[in-house]
Amino acid sequence: MMKIVTIIGARPQIIKAASLNRAISENFKNEISEVIVHTGQHYDKNMSQVFIDELKIPQPDYNLNIGSASHGLQTAKMIMGIEQILLKEKPEYLILYGDTNSTLAGAIAAAKIHIPIVHIEAGLRSYNKSMPEEINRIMCDHASTLLFSPTLTGYNNLLKEGFDKDSKPRFTADNPGIFHCGDVMYDNSLFFNEIVNPKRNIIDILNLKKDSFYLATVHRDNNTDQPERLNAIFGAFDTLSLKTKLPIILPLHPRTRKLLNKNLSSNLLKKIKQNPFFQIISPVSFLEMNVLESHCNMIFTDSGGVQKEAYFFKKPVIVLRPETEWKEIVEQGCGIIADASKTDILNAFEYFQQVRNKLNFPNIFGDGKAGRFICQTILDNR
């Protein structure tokens, strides 16, 4: 039986790992044994354990409990912990997701001791190296043996960087294989939409009506840590919610909540607290977020994962960043990059208000079987 080690650390990685774990349990349980390592990068229960429980991922075999720290210190501690586990477990492959510090640490630890790396969500590029995530994803890609891109754009990005589409197995770090396989998040979206969602009552709890509220998420440090950007974003939310008299629901990342008092102007903070249409709530689970996404009218976010989920649920999305790695969403006309400009956010909102019923959302994220394809490809490369 093939042993793999999967690294998770942040909320999106836990969600993505559910697809591969489900594919193993349903189709490859006699061929693949999975060891799960949680780095502890997201250590808040509402940002970590709740997703493991809800998505029925097995409890991690190891938890490094790294917690919050500077990029360098956090990554260094992860490298040390992951290396020790890899030397003990001796897996045939290390599975990494996305672009977090957990991803980078796993790539460095495995590459140094010659354990082949599988990178899921390979090839994504914002072409902005001031983003820590951009550095993480590039370095992970170029240390990997098997690279699975969720989109054709991601696959083509790898070709631009010198990866060979005609390379033949057996694949190695010096002869990597690249694959356009679809998105494991889309796998999850289809799977969980087909079952009864026990979290649908969040709509009633928040007293919301379908298509009569907006959903927002803000968590990236270049937004939360820079007062000018944070004030512009929250100022736009305050303005449009008062104008439309429809609520904005903002499940607030713990880190962002801590920074509101510090970085928002006292006047804007007071206005937000007095605004009856601006509801700041605690972080929600994956299934609760899916319910909110499927019932809302429009989404504002600086999250890459939420951009995709907006597309899955056929909702227009306003991107609160200067660029996006999910360029297809913008190219389809279903997303607008507004960055942290209050004017651009409001203009994008007005545009989508006018064209909302004319948008098309063609399937660009695969057939919902990416997890199965990834497992089979790993087995074929033994």
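Scanning the range 324-371 for residues that are touching a Gly at 6+ places or on another chain (Cβ under 7 Å) and among the acidic types (Asp, Glu) yields 325, 367. Of 115, 135, 108, all but one fail to be buried (at least 21 other Cβ atoms within 10 Å of the Cβ), β-branched (Val, Ile, Thr) and touching a residue at least 24 places away in the same chain (Cβ under 8 Å); the exception is 115.
The numbered conditions (1) over 24 Å from residue 149 (Cβ atoms); (2) among the basic types (Lys, Arg); (3) surrounded by 23 or more Cβ atoms within 10 Å (Cβ to Cβ) are all true for residue 56 except (3). The residues of the range 70-123 that are at positive phi and within 24 Å of the chain's Cα centre (by Cα), listed by number, are 98, 121, 123.
What do you reckon, is residue 271 out of contact with any His (no Cβ under 6 Å at 6 or more places or on another chain), within 25 Å of residue 195 (Cα to Cα), surrounded by fewer than 20 Cβ atoms within 10 Å (Cβ to Cβ) and in contact (Cβ under 8 Å) with a residue 12 or more places away in the chain? Give the derivation first.
Working: out of contact with any His (no Cβ under 6 Å at 6 or more places or on another chain): yes; within 25 Å of residue 195 (Cα to Cα): no; surrounded by fewer than 20 Cβ atoms within 10 Å (Cβ to Cβ): yes; in contact (Cβ under 8 Å) with a residue 12 or more places away in the chain: yes.
For residue 271, the condition - out of contact with any His (no Cβ under 6 Å at 6 or more places or on another chain), within 25 Å of residue 195 (Cα to Cα), surrounded by fewer than 20 Cβ atoms within 10 Å (Cβ to Cβ) and in contact (Cβ under 8 Å) with a residue 12 or more places away in the chain - is not met.
Here residue 258 does not qualify as under 19 Å from residue 352 (Cβ atoms), surrounded by fewer than 21 Cβ atoms within 10 Å (Cβ to Cβ), of a type in the set (D, E, K, R) and out of contact with any Lys or Arg (no Cβ under 7 Å at 6 or more places or on another chain).
Sort through 346, 359 and tell me the only one that's of a type in the set (A, V, I, L, M) and surrounded by fewer than 16 Cβ atoms within 10 Å (Cβ to Cβ).
359
Taken over the range 227-248, the criterion of being surrounded by 15 or more Cβ atoms within 10 Å (Cβ to Cβ) and not hydrophobic (A, V, I, L, M, F, W, C) is satisfied by 229, 231, 235, 238, 239, 241, 244, 247. Inside the range 118-132, residues that are farther than 16 Å from residue 13 by Cβ and either surrounded by 18 or more Cβ atoms within 10 Å (Cβ to Cβ) or not assigned by TED's automatic domain parsing to the domain that holds residue 36 (or both) make up a count of 4.
For the subset of the range 183-194 comprising residues that are in a helix (DSSP H, G or I) and not aliphatic (A, V, I, L, M), which member is farthest from residue 22 (Cα to Cα)? Write out each step before concluding.
Filtering the range 183-194 for residues in a helix (DSSP H, G or I) gives 184-193.
In the following step, the residues that additionally are not aliphatic (A, V, I, L, M) were identified as 186-189, 191-193.
Working: 186: 13, 187: 10, 188: 9, 189: 13, 191: 10, 192: 12, 193: 15 Å.
Selected residue: 193.
Against the list (1) at pLDDT below 95; (2) closer than 24 Å to residue 55 by Cβ, the condition residue 140 fails is (1).
Any residue that is under 29 Å from residue 247 (Cα atoms) and in contact (Cβ under 8 Å) with a residue 60 or more places away in the chain - is there at least one of those in the range 140-154?
Step one: filter the range 140-154 for residues under 29 Å from residue 247 (Cα atoms), giving none.
Checked against the condition, which is being under 29 Å from residue 247 (Cα atoms) and in contact (Cβ under 8 Å) with a residue 60 or more places away in the chain, the range 140-154 yields no hits at all.
The values are calculated or read from the model by the stated rules, or taken from the named source; none is laboratory data. What you see is a predicted model, and the numbers here were worked out from it, not measured in a lab. Methodologically, a virtual Cβ is constructed for each residue, glycine included, from the backbone with ideal geometry; neighbour enumeration extends over all protein chains shown.
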